[in-house]
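Working notes, structure below.
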Amino acid sequence: MEAGTASSGSGIHLPGMEIAKASKNRYEVMIGPAHPGSGHMRIFVEVDGDIMVKVDPDIGFVHRTMEKLAEGREWIQNIPLFERIAILDACNITLPYVRAVEKLLGIEAPERARYLRTLLCEINRVASHLYGMGIFGVFLGHSTLYMWAFGDREVFIDLAERLTGARLTHTYPVFGGVRRDIPDDFPEDARKATRYMRKRLNEYAKIFLNNPNIRSRLENVGVLTKNQAAELGLVGPNIRASGIRYDVRLNEPYEAYGDVDFEIPVFEEGDSLARAWARVEEVRQSLNIIDQVVTWLEKHPRENFMHEKFWKTAPKLYKDVYEGKISYSPKYRIKLMPIFASLKVPPGKSFARVEAGRGEIVYYVESNGDIFPYRVRVVSPSFRNVIAFKYVMPGHRLMDLPAIYGSFDYFPPAFDR
Amino acid sequence: MPAKVSQKKNPKRNPLGKVFAGNIGALAVGLKYFFDPNRITLLYPHEYIKLNKGYRGFIVLIKEKCISCSSCARICPAAAMRMLSVKVYNEKLKKYMIKKYPVINYNRCIFCGLCVDVCPTEALYHVPYHDIVYENMNDMILSLEDFQKEPENIEFKEGIPVKYYFDERRGLVKTPYMEELEKRNEKEEKNQKVEGEGEKGAS
Amino acid sequence: MNPCYYACYIVYKVIVYDIIFYPPVYQFLIIPGLITAIIIAIFIIWFERKAAAYVQMRYGPWEIAPKIGGATQLLADLTRYAMQEIITPQTVDTLQYLLAPIVMVVLALLPLEAVPLTSVKPYFPIPSGYSLLVAVAFTTLSPLFITMMGWASNNKFSITGSVRESFMITSYELISVLGLLTAAAMTRSYDLVKIVNLQMSGKWLGLINPIALFVVFIAVLMSTSGFPFEIPESESELVAGPFTEYSGLLYGLNMGGAYIRRWVFSILITLVFLGGWAPYRPTPGVITGYLIPSLIVSLKAVVIMGIMSFLRSVYGRYRLDQALGIAWEILIPLALLAFGIGLAEAYFGII
Amino acid sequence: MISLQDMIKEALGNNIIKIEDNKGYIDVVVPLEKLKESAIKVKQLGFDHVKSVTAVDYIQKKQFMVTYHISSYLNEELSRHVLGLSTFIDRDNPHIPSLATIWTSAEFQEREVYEFFGIIFDGHPDLRLLLLTPVVAALKPLRKDFVVKEDSINIEVDYAAYNATKWW
């Protein structure tokens, strides 16, 4: 029989098909990179029976050398570049870069701009969490949650589109301010969207989180204690599900987060279910913030949306554009001064952190006074979470892999950068 | 008011009651949407979204306003916009001068809109659509003449324009955008009339 | 008389009575056999996608035939599967690799040879007083070939998937056998005709003993890897489980095979628990005695399949050990309980 | 309450070369041979995780600066601050003791710095390439002598030639 050739090993040796020399009763399964459940990454899993023994995440399939590219681009050109780290969370991802550069420039965005940034950050956070939940759903074979989350994410993407003019890559915060003010009918739409989403979250809980089938998949799976989570240096809802009271919005309030009233949900259990619940609760808090910020923006006059340095010398045309007097341009568009095209940043080192949807994102920016940054270091939330796969997964069953993998809300482009 | 920490726990379940309640709850939600579907899909080539005015779509140049300052090309993060040197006859000085105008490569453009925002004379503007098909990659690099025209969209001729409205109960509601349809019908009627007259003339 | 008329009459007689309505052919190939099974599979897959789409904020299949909701989508898919090249990887065990899906589908249809679809005398493919027992025995054959597929494929994902399948076999077979044989305990007979006849009065066994019906329903879901027990081919870690290496028509057979098995089980459930052709009393004659009752049975079975398909849009999948736990710790005691209830009901003469 | 700077000064003693309040973090520069010792002391203060491991190439000075941005999760007071533990190493012989054994969270980040700069972390438990393929990693892409060429903003050819070829 032909089968003999394959089993005796005399014939074909394909790289993926070869059984690696592992100890007795173990074999290696490669989840990814061209695998329906993996995304753009690969995980080497060594399995003993059904139990995972060794897990080695192999990342870098969508690496784009952003840190190097940033060194050859002007300061403002890097904002659209860094957005590509995680386009569903574009505002949160670029905000710390903008803040770090603002620190070097010695300016701070005026109050209205801070609120506008907060608004888009929270819209992004909701969209990002919904995306994460959707992927989580499809990992557990729950296609309905996947479709629901992606469908409802559309509501928030649409909201962001009305605010910024782009669905995903908003390029919204710029040094010293933002690029658009809210349209006139925006507050009404935003309130409708938040009210709708609150109702939907209850249904999500019914069909997914409280569904006995899903609960049994998630409960006591991938448990991380408080100390373990701190030792691995994970970020975002993943540590708050383990009981760590850390959120940049709480520990170092930025933008308007010091002025709005919201809660940081912290869970104790540290299992996959707690991580899923933490996201749901966070979406709820984000909706609260959106409501508050929108009310604030409505009450306060439309002024001070850009730092003085970049707006004081603005010609009349720029003000006309803002007020919508140009026929082909939308209202409340804030034009950038030509100085942005060749901005020189004073030399220095600065560091900024922001709580993005998936967790804390950190930028280290170094300038030598040129029109390009000297060094930009980005540590995206997913890059800090990926280490968890290596340390949390061993000891679980192979079928738990998607349950753990999805619960950390991984996003390959974000950890590859 | 700074943020507060709220300590929470996974909702508890007792073995029997919640298993029943959980299953029934899930099935009930499923059945609810089975009988009352909440559809959000856009049947794309048959329908298309009529986007708002502020949407950052394709970019058009108003050549008369351009002052050749190169700000747009310098700020472009993808190097999609570059300055092209053109010989222009200057009436005042009565001689040919070299003037620079931007041209765009849509292979590279990421629609960030920084060029539009940085232009000191508003010589660039966005059209609120982005779904345009080119036959090959070379066509996506526009010449200076093409860059001044609003690109033509094929879907706009056949599909139904649709707008999404926010709704408390259903999230986004898809509604045909009648004004646009009527406008288009009027145009078509006019065209037909013109054609008809042309035929008559020919006969 | 016109000889031509005679010839036509004889040909008609032969074709209709001796070929089409010849019970083994009729039941294996026409209703509820191969042809109906394929049509039903096409319909149910369409329904499954459509129902999921309704729940999931989408339209589902639409583009290919907008007026009838894309109902012909599956025909297009089937054509594609049929036209696709069947790739046989060099590392597989060729004979078993090619044979297993075909044998699985053929064996999946085998139980239909054992079940009677009418109470009128000549229309039984295998006249037997033990038809329930024979049918249940036949249902256990085809899953073995899924295990064989995984083994023949020589692929880690396939083998893991087929090992999972064999784990599932060990758990659900006992449940389905116990559940279906509850009927025998209740009616004191293995004869499906007798079982259905007893339900003619409206006392469907599924109504008298709902636990048995529930247990068998779950066991069927497990056996045909329907949600929430879609474990052997769980795509998020095993690509497609035992079917990973298959392509083209063979893959189509695999996918259809699960639906055909589900269809056969649904017919068995209909006959045993839902009264078979119950409100209708067959009378002699091909149409009234064979065609109509078989259509009634098929209709009821389609409803059961529809319910099974709907579960896809509500549930995810269980972990393997949890599914086995459900089977051994909950369902087998429940099946025994149902058996006991059945015995008690028979003893007190409820049935 | 003593300030964080004083606390660190007290803990590290004369290990510190320079301590300054940078924008967004407190920069502490220690000599290379005292790095591990200082890291252990800093960890005892309650700084329990590494946010980022960064290297900067100062090609003129022939030096790399390696910075560990560290902070705390469990100590709420410390979590408001970020500490940068920096050291300078020789560009020609880039060896540095690995801190992955002290902070597990530095493990993947050190691997990344290793492949992008070619800095070797001695004592790292698993020093392999993380993101790049061996061919690209051999070029050490984040060093300053690896130059990425950016396009010019002008089209070199004239109007007629551009319209004819339409390519850049």
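Do any cysteines in the protein assembly as shown lack another Cys Cβ under 4.7 Å, and if so which?
For the protein assembly as shown, the answer is A:Cys91, A:Cys121, B:Cys66, B:Cys69, B:Cys76, B:Cys109, B:Cys112, B:Cys119, C:Cys4, C:Cys8, because their Cβ atoms have no other cysteine Cβ under 4.7 Å.
May I ask you to sort B:Cys66, B:Cys112 by Cβ crowding, counting other Cβ atoms within 10 Å and putting the fewest first?
Fewest-to-most Cβ neighbours within 10 Å comes out as B:Cys66, B:Cys112.
A 30 angstrom limit on the alpha carbon distance is what I want to check against. Which of A:Lys331/B:Lys157; B:Lys183/C:Lys67; B:Lys157/C:Lys67; A:Lys316/A:Lys349 exceed it?
The pairs that break the limit, which is 30 Å between Cα atoms, are A:Lys316/A:Lys349.
Give the residue list of trypsin sites (Lys or Arg not before Pro) in region B:60-112 that are DSSP loop and have at most 14 other beta-carbon atoms within 10 angstrom.
B:Lys92, B:Lys94
From the Cα gyration tensor of chain C, with a ≥ b ≥ c the square roots of its eigenvalues, which class applies: rounded if a/c is under 1.5, or else prolate if a/b is larger than b/c, or else oblate?
It is oblate, given that a/c is not under 1.5 and a/b is not larger than b/c.
If you build a Gaussian network model of chain D, linking Cα atoms that sit under 10 Å apart, which residue out of D:Asp27, D:Asp158, D:Asp122 swings the most?
Judging by the Gaussian network model, the answer is D:Asp158.
Once the piece of chain linking B:Asn138 and B:Val88 is laid out straight, how much longer is it, given 0.36 nm per residue of separation minus the C-alpha distance between them?
15.4 nm
Can you tell me how the protein assembly as shown classifies by the Cα gyration tensor, rounded, prolate or oblate, using a/c under 1.5 as the rounded cut?
prolate
Over chain A, calculate the relative contact order: mean separation of alpha carbon pairs under 8 Å at least 6 apart, over the residue count, as a percent.
The value is 25 percent.
Just name one of A:Leu168, C:Pro125, C:Pro282: the one whose Cα is farthest towards the positive end of the charge dipole of the protein assembly as shown (beta-carbon charges, Lys/Arg +1, Asp/Glu -1).
A:Leu168
As a test, work out the antiparallel percent of DSSP beta bridges whose residues both lie in the protein assembly as shown, rounded to the nearest 5.
Approximately 80 percent, going by the DSSP bridge assignments.
Using Cβ counts within 10 Å as a stand-in for footprinting exposure, how do D:Val148, A:Val178, B:Val86, C:Val272 rank, fewest first?
Arranged by neighbour count, lowest to highest, D:Val148, A:Val178, B:Val86, C:Val272 become D:Val148, B:Val86, A:Val178, C:Val272.
Which of rounded, prolate or oblate describes chain B when judged by the alpha-carbon gyration tensor and an a/c cut-off of 1.5?
Oblate, because a/c is 1.5 or more while a/b does not exceed b/c.
In percent, how large is the relative contact order of chain C, given Cα pairs closer than 8 Å and 6 or more residues apart?
24 percent
Give the relative contact order (percent, whole number) for chain D; include only Cα pairs under 8 Å separated by 6+ residues.
Answer for chain D is 16 percent.
For the pair D:Ile59 and D:Arg80, what calculated FRET efficiency results from E = 1/(1 + (r/R0)^6), where r is the Cβ-Cβ distance and R0 = 30 Å, to the nearest 0.05?
Efficiency, from the Cβ-Cβ distance: 0.30.
Can you find, among A:Thr295, A:Val321, A:Tyr257, the residue farthest towards the positive end of the dipole of region A:193-328? Put +1 on the C-beta of Lys and Arg, -1 on that of Asp and Glu.
Most positive-ward Cα: A:Val321.
5 Å is the cut-off here: which amide hydrogens, built 1.01 Å from N in the peptide plane, fall below it relative to B:Lys100, excluding neighbours closer than 5 in sequence?
Under 5 Å from the amide H of B:Lys100: B:Val86.
How high is the FRET efficiency from B:Val194 to C:Tyr12, r the C-beta distance, R0 56 Å, rounded to 0.05?
After rounding, the FRET efficiency stands at 0.30.
Using the membrane-span-like helix rule (whole DSSP H runs, Cα extent along the own axis of at least 18 Å, mean Kyte-Doolittle hydropathy at least 1.6), which helices of chain C qualify?
Span-like helices in chain C: C:34-55, C:94-109, C:210-223, C:292-310, C:332-348.
Counting Lys +1, Arg +1, Asp -1, Glu -1, what net charge surrounds A:Asp181 among other residues with beta carbon under 11 Å of its beta carbon?
+3
Checking the cross-link filter: which lysines have an alpha carbon closer than 18 Å to that of C:Lys156, excluding same-chain neighbours under 8 positions apart?
A:Lys21, A:Lys24, A:Lys54
If each residue's Cβ is checked for other Cβ atoms within 10 Å, how do C:Ser201, A:Ser216 rank with the fewest at the top?
Starting with the residue having the fewest Cβ neighbours, the order is C:Ser201, A:Ser216.
Give the separation of the Cα centroids, region C:1-60 to region C:89-114, in Å.
23 Å
Which lysines does C:Lys121 reach when only Cα atoms under 30 Å apart count, and residues fewer than 8 places away in its own chain are ignored?
C:Lys13, C:Lys194, C:Lys203, C:Lys300
Measure nothing but the geometry: give the 0 to 90° angle between the long axis through the Cα atoms of B:15-35 and the longest principal axis through the Cα atoms of chain B, rounded to 10°.
Long axis of B:15-35 versus the principal axis of chain B: about 40 degrees.
Each reported figure results from applying straightforward, stated rules to the coordinates on display, with no laboratory input. Computed from a predicted structure; not experimentally measured. Here the Cβ is made from the backbone with ideal geometry for all residues, glycine too, and neighbour counts use every protein chain on show.
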